[in-house]
Amino acid sequence: MLEIWGKRDNTILHTPQDLIDLSSKISKKGGLTTVQEYKTHLGKFSIILHYLIKNEQLSAKEDASYQFLMAFSLASQKNIKQALVNQKQLPKGPDGSSKPP
């Protein structure tokens with residue numbers, strides 16, 4: 001089969017640092033301000049996140065939830081975190097306890 005298809009390509013397309021860089025870039029500009037910016041960010045973030053989970057560089061979507069929030073303005077982050085606390089939807093730690101916002 002190697003004669004037909006060639007060697008396996010072990011190129012790494014994304015790393016967890018890519019999620020950090022993506023959110024940091026938007027955060028430095030003041031955060032997401034429009035629905036279109038949000039949709040664009042969500043699309044890029046989701047592609048990278050799916051790749052990282054598929055290739056076992058992250059174990060679950062929850063591992064990147066706080067990184068996703070970093071793209072929002074500080075005021076929006078505070079409101080989102082408060083809503084998560086109120087709805088008891090904070091990501092869980094290995095012991096089952098809620099991670100702090």
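Taken together, the values in this text are just the output of simple stated rules run on the coordinates, not laboratory data. From a predicted model like this one, the values you see are computed outputs, not experimental measurements. No Cβ is skipped: glycine too gets one built from the backbone with ideal geometry, and neighbour counts run over all protein chains shown.
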Violating pairs (Cα-Cα greater than 21 angstrom) within the set K28/K61; K61/K88; K25/K78; K39/K88:
K28/K61; K39/K88
Given an 8 Å cut-off on Cα distances and at least 6 residues of separation, report the relative contact order of region 14-86 as a percent.
47
Pop a pseudo-label 7 angstrom from the Cα along the beta-carbon direction at both Q17 and T33 and give the gap in nm to one decimal.
3.0
Please give the Cα centre distance for region 57-79 versus region 17-47, rounded to the nearest Å.
10
